[in-house]
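Here is the structure we will look at, set down as structure tokens.
What follows draws every value from the coordinates through simple rules; no lab data is involved. In this text the structure is predicted, and so the values were computed from the model without any measurement. Here the Cβ is made from the backbone with ideal geometry for all residues, glycine too, and neighbour counts use every protein chain on show.
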Amino acid sequence: MDFADGIADLAQRIAKRRDSIQTEEATKNAFVMPFLNALGYDVFDPLVVIPEFTADVGLKKGEKVDYAIMKDGQVVILVECKHCKGDLCFQHMSQLYRYFSVTEARFCILTNGITYWFFSDLDQPNKMDAKPFFEFDMLNYRPAQIEELRKFTAANFDVEAIHETASDLKYGSLLMREIAKEFDSPSDDLMRLLVGRVYDGKLTANVLAKFAPMVQRSMKDTVREFVNQRLSSAMDDSSKVPLPSAAAAPDAAGEAGPAENGETATDIADIVTTDEEREAYQIVRAIVREVVKVERVGMRDAKSYCAILMDDNNRKPVCRLHFNRSVRYLGLFDADKNEERVKIESLDDIFLYADRLKVSAASYGEVGRKELLPA
């Protein structure tokens, strides 16, 4: 099985079983050990993975870290685990921080079995950094993150190679996070920079407050326009068939898509993709990967529903998530693209409709050049 497929399989199991995990030890057995195994480390070989690893630190004797991963007889990665129902926090780092300086390990992992924080010593040699250089969420990851995670597999593990790229990865992810914060709530510094370029008057607090929602909408509209242009350019290069305008492109069920339903820029800016929608998206991807390539499955959010599509195409719906009200519905499609909404009590209920989701996804076959050419 390919590495990416193995991680997708594990993500499906985690989404299905995490509500039943009651202890930290169960988290290790059900989630963490399979994760290490997916990375290619034999968790049952004490020469490869040492559970309850002990290293005396100063006056503190007999403290243990949950796992030590070995390579060529040396500790290369330390792993500390927490309960899957608790969020990771920096207070959990204390043991790893102490152990890092007294072992030869260059990397540490803090995890709750769902989220994995990877640490190294980028700031000061032999001293664990205060912030992770890489974060991986089993229920919400991007394809590019799979490739970063692949570097930690037993077959590809190279301390120096990872260390060389870790700095860019760390600060790149931190910059992305700061940029995302600016999109959600532009800071005064950014507001003054942008508004100062278009407004000739004095930038008082009232002026900045007036411009704040406009700046936020403009930023999101700019990114959306940029993405649309890139998609249009890619289609033009591959097929020479111009994309229809957003206002004229109905989706598969005969309705207009997110930008086609009369929504204004303000409506689009108000769209918020929730953690629950992202988790449901990962569940659907894990289900349909048995019949289609998982990279073909995408998500496009709208104000009234969140669509899961094949090939980012509104005419190829797999399902819809109607999660914006107190009662949640999963929208399923038949062969004629008619939508049926079924009530779900929890995200686990999505697995009850796995067969129908697979049929919908498989019905679109493989993308080929014929599909892109005019009839």
Given charges at Cβ of Lys, Arg, Asp, Glu: the stretch 265-372 dipole, positive-most of F351, V327, A361: A361
Cβ-based exposure ranking for E148, E340, in which fewest neighbours within 10 Å come first: E340, E148
Shape of the stretch 130-180, Cα gyration tensor, a/c cut at 1.5: oblate
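Magnitude of the Cβ-charge dipole of the stretch 1-158, K/R +1 and D/E -1, about the Cα centre, nearest 20 debye?
Values: 18 positive and 24 negative charges, 74 e Å.
Dipole magnitude for the stretch 1-158 comes out near 360 debye.
Can you pull the semi-axes for the stretch 283-331, root of five times each eigenvalue of the Cα gyration tensor, sorted largest first, whole Å? Walk me through the numbers before you get to the answer.
On the way: eigenvalues 82, 30, 10 Å².
So the equivalent ellipsoid measures 20, 12, 7 Å along its semi-axes.
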Rounded FRET efficiency, nearest 0.05, which uses the C-beta distance separating Q229 from M176 and R0 of 22 Å: 0.55
